[in-house]
Amino acid sequence: MGKNLAVLASGNGSNAENLIRYFRGKESAEVKLVLTNRPEAYVLNRARNLNVPSRYISRHDWVEGTSVLTLLQEYQIDFIVLAGFLARIPEVILQAYPDRIVNIHPSLLPKFGGKGMYGDHVHQAVIAAGELESGISIHFLNERYDEGHIIAQYHCVVEPTDTPETLAAKVHALEYAYYPQVIEQLLQGY
Ligand code: GRF
């Protein structure tokens, strides 16, 4: 039986769109719901254009959690995929989905993870530290952000001429190529 996925995103949502497109027409899984914590997030437009149900969830509801959980249950969501989601996952949801929430981080964790390390901040920090490589980490989510078990990592070279923008583009390319595949493989074990 195909798994029902919910994708959570706070911003642009290019990974969310990539996931929706990848799983469309596949038997393994389908993105059934897109949730965001920002009413102006571009991911809402993407979901609408692709005819995937989407909702903005207020800060209050993310903190409290039960109404989000009810929504996930309504859509019979089996697995939660974070793609640039910048709010905390409520405790009730972490408990209801043990080892069923995955996140993608745009660095080689544990390097450049943790507080304040999101979006271009990560790429700026990688370049400032003179790193020779960066990449992506796909990991399970637990109560401590960016510290859940790492499922897979993929590397890219950091050139001396790289800027946060060019590095972000390399990292995004890795995300588009690998995130859906890794999730698909992971789902085979459930
Ligand atoms: C990605 O680089 C992801 O790794 C990070 O936030 C970015 C989201 O980009 N956590 P998009 O919204 O999918 O375009």
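The values are calculated or read from the model by the stated rules, or taken from the named source; none is laboratory data. On a predicted model such as this, the values are computed, not experimentally measured, just so you know. Positions of Cβ are generated from backbone atoms using ideal geometry, with glycine treated the same way; all protein chains shown enter the neighbour counts.
ALA168: at pLDDT 95 or above, within 12 Å of the ligand (Cβ to nearest atom), over 14 Å from the mean Cα position of the chain (by Cα) and surrounded by 15 or more Cβ atoms within 10 Å (Cβ to Cβ), yes or no? So ALA168 fits the description; yes.
Restricting attention to region 140-190, the residues that are basic (Lys, Arg) and in contact (Cβ under 8 Å) with a residue 12 or more places away in the chain add up to 1. For region 142-165, a residue qualifies if it is within 15 Å of the ligand (Cβ to nearest atom) and of a type in the set (Ser, Thr, Tyr), and the qualifying residues are TYR145, TYR154. Within the span defined as region 146-162, one or more residues are at pLDDT 95 or above, among the acidic types (Asp, Glu) and part of a loop (DSSP other than H, G, I, E, B).
If the condition is being at positive phi and either surrounded by fewer than 18 Cβ atoms within 10 Å (Cβ to Cβ) or not acidic (Asp, Glu) (or both), then region 140-155 contributes no residue at all.
Here PHE112 clears all of (1) within 12 Å of the ligand (Cβ to nearest atom); (2) not in a loop (DSSP other than H, G, I, E, B) except the condition numbered (2). Six or more apart or on different chains, Cβ under 8 Å: which pairs go from a residue in region 48-71 that's over 24 Å from ARG24 (Cα atoms) and without any contact (Cβ under 8 Å) to a residue 60 or more places away in the chain to one that's surrounded by fewer than 16 Cβ atoms within 10 Å (Cβ to Cβ) and of a type in the set (Asp, Glu)? Could you list them? Going by the 8 Å Cβ cut-off, the qualifying pairs are GLY65/GLU91. Within region 171-190, the residues that satisfy the criterion of being surrounded by 14 or more Cβ atoms within 10 Å (Cβ to Cβ), under 21 Å from ASP78 (Cα atoms) and not β-branched (Val, Ile, Thr) are TYR178, TYR179, PRO180, GLU184, LEU186, LEU187.
The residues of region 10-49 that are closer than 20 Å to GLU74 by Cα and either within 14 Å of the ligand (Cβ to nearest atom) or under 13 Å from the mean Cα position of the chain (by Cα) (or both), listed by number, are ILE20, VAL31, VAL34, LEU35, THR36, ASN37, LEU44, ALA47.
Among residues of region 90-106 being in contact (Cβ under 8 Å) with a residue 60 or more places away in the chain and within 16 Å of the ligand (Cβ to nearest atom), the one that is surrounded by the most Cβ atoms within 10 Å (Cβ to Cβ) is PRO106. Among the residues making up region 124-139, those that are within 15 Å of the ligand (Cβ to nearest atom) and either of a type in the set (Asp, Glu) or under 23 Å from VAL182 (Cα atoms) (or both) are SER134, GLY135, ILE136, SER137, ILE138, HIS139.
Scanning region 119-139 for residues that are loosely packed, with under 15 Cβ neighbours inside 10 Å, outside any strand (DSSP E or B) and at pLDDT 95 or above yields HIS121, ALA128, ALA129, GLY130, LEU132.
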